[in-house]
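Single-structure report; data block below.
The values are calculated or read from the model by the stated rules, or taken from the named source; none is laboratory data. Computed from a predicted structure; not experimentally measured. Don't worry about glycine lacking a Cβ; one is built from the backbone with ideal geometry, like all the others, and counts go over all protein chains shown. When the accessible area is computed, the model is the full protein with side chains, heavy atoms only, and any ligands, DNA or RNA have been set aside. Shrake-Rupley method; radii C 1.70, N 1.55, O 1.52, S 1.80 Å.
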Amino acid sequence: MTSQALLDQAQQASQSIVTEVEGQFLPLDEAVLRHRPAQAQWNALDCLEHLSLTYDHYLPRIKAAIQQGTPQPAHEEYKSGWLGRQAIQAMQPREGGTISFKMKAFARIVPRTDDYPAEEILRRFIAHQESFEQLAQEARTVSLNKVRVITLAGPLVRLRLGDCFRFLLAHDQRHLLQARRAIKNKA
């Protein structure tokens, strides 16, 4: 796949996510959004706030990587790195909506939503998606293979820029699935 095709897919996926959140989550009653399927499980707002906290880490690092990035050759072929493939595969929900690899969130991205209005959490998430789309547009000028982004695991663990975009979308899919299940459980 070309780098341009990957960025097209990233922007389209992000736009679909915004459409879903605006159409299916924003109209819901706050009690539905705050319903926990079980005591220790996250509700829909927790899932979206967790994604926002993750974007708080990645968006500035992606922007910095783009600004310092190597110019992209015309029609660059995107090649996922080994670490990126593993991270994306572990994060992405499987066929049929199952999550096979459970993970514990880093403490700094564990959501705390009780003191925030639902609409504020939803709008913040949408704003992050719009920033993600803008960065995908800006990334068209740099090599998705050569530019690296520092992960939440620390400065020693970096993903190729293309893998970072794909990882964030897989992470979105994972937690949107979790949010949908929390809502469905209440309905």
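At a glance:
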{"read-out": "Positions within the range 124-146 being under 18 Å from D8 (Cβ atoms) and either open to solvent by 30 Å² or more (accessible area, probe 1.4 Å) or within 12 Å of the chain's Cα centre (by Cα) (or both), in sequence order", "value": "Q129, E130, S131, F132, E133, Q134, Q137, E138, R140, T141"}
{"read-out": "Selected residue (criterion: farthest from the chain's Cα centre (by Cα)) from residues of the range 170-180 that are open to solvent by less than 20 Å² (accessible area, probe 1.4 Å) and not acidic (D, E)", "value": "A179"}
{"read-out": "Residues (in contact (Cβ under 8 Å) with a residue 40 or more places away in the chain and acidic (D, E)) located in the range 1-55", "value": "E20, E22, E30, D46, E49"}
{"read-out": "Selection within the range 53-102 - hydrophobic (A, V, I, L, M, F, W, C), within 16 Å of A179 (Cα to Cα) and in a loop (DSSP other than H, G, I, E, B)", "value": "I99"}
{"read-out": "Single residue of P93, P73 found to be farther than 25 Å from V157 by Cβ and not aliphatic (A, V, I, L, M)", "value": "P73"}
{"read-out": "Test for H75: is it surrounded by 11 or more Cβ atoms within 10 Å (Cβ to Cβ) and either over 18 Å from F167 (Cα atoms) or not β-branched (V, I, T) (or both)", "value": "no"}
{"read-out": "Every residue from the range 103-114 that is in a loop (DSSP other than H, G, I, E, B) and either surrounded by 13 or more Cβ atoms within 10 Å (Cβ to Cβ) or not basic (K, R) (or both)", "value": "M103, A105, F106, V110, P111, T113, D114"}
{"read-out": "Residue in the range 48-57 that is more than 16 Å from A127 (Cβ to Cβ), at pLDDT 95 or above and not aliphatic (A, V, I, L, M) present", "value": "no"}
{"read-out": "Of residues in the range 3-41 being open to solvent by less than 50 Å² (accessible area, probe 1.4 Å) and outside any helix (DSSP H, G or I), the one nearest to A136 (Cα to Cα)", "value": "L26"}
{"read-out": "Which numbered condition R61 fails, given (1) open to solvent by less than 90 Å² (accessible area, probe 1.4 Å); (2) charged (D, E, K, R); (3) under 23 Å from V147 (Cα atoms)", "value": "(1)"}
{"read-out": "Residues located in the range 139-187, provided they are small (G, A, S) and part of a loop (DSSP other than H, G, I, E, B)", "value": "S143, A153, A187"}
{"read-out": "From the options I183, I121, I150, residue that is among the β-branched types (V, I, T), over 23 Å from A87 (Cβ atoms), touching a helix residue (DSSP H, G or I) at 6+ places or on another chain (Cβ under 7 Å) and open to solvent by 20 Å² or more (accessible area, probe 1.4 Å)", "value": "I183"}
{"read-out": "Residue count for the range 153-166, restricted to those that are open to solvent by 30 Å² or more (accessible area, probe 1.4 Å) and of a type outside the set (D, E, K, R)", "value": "4"}
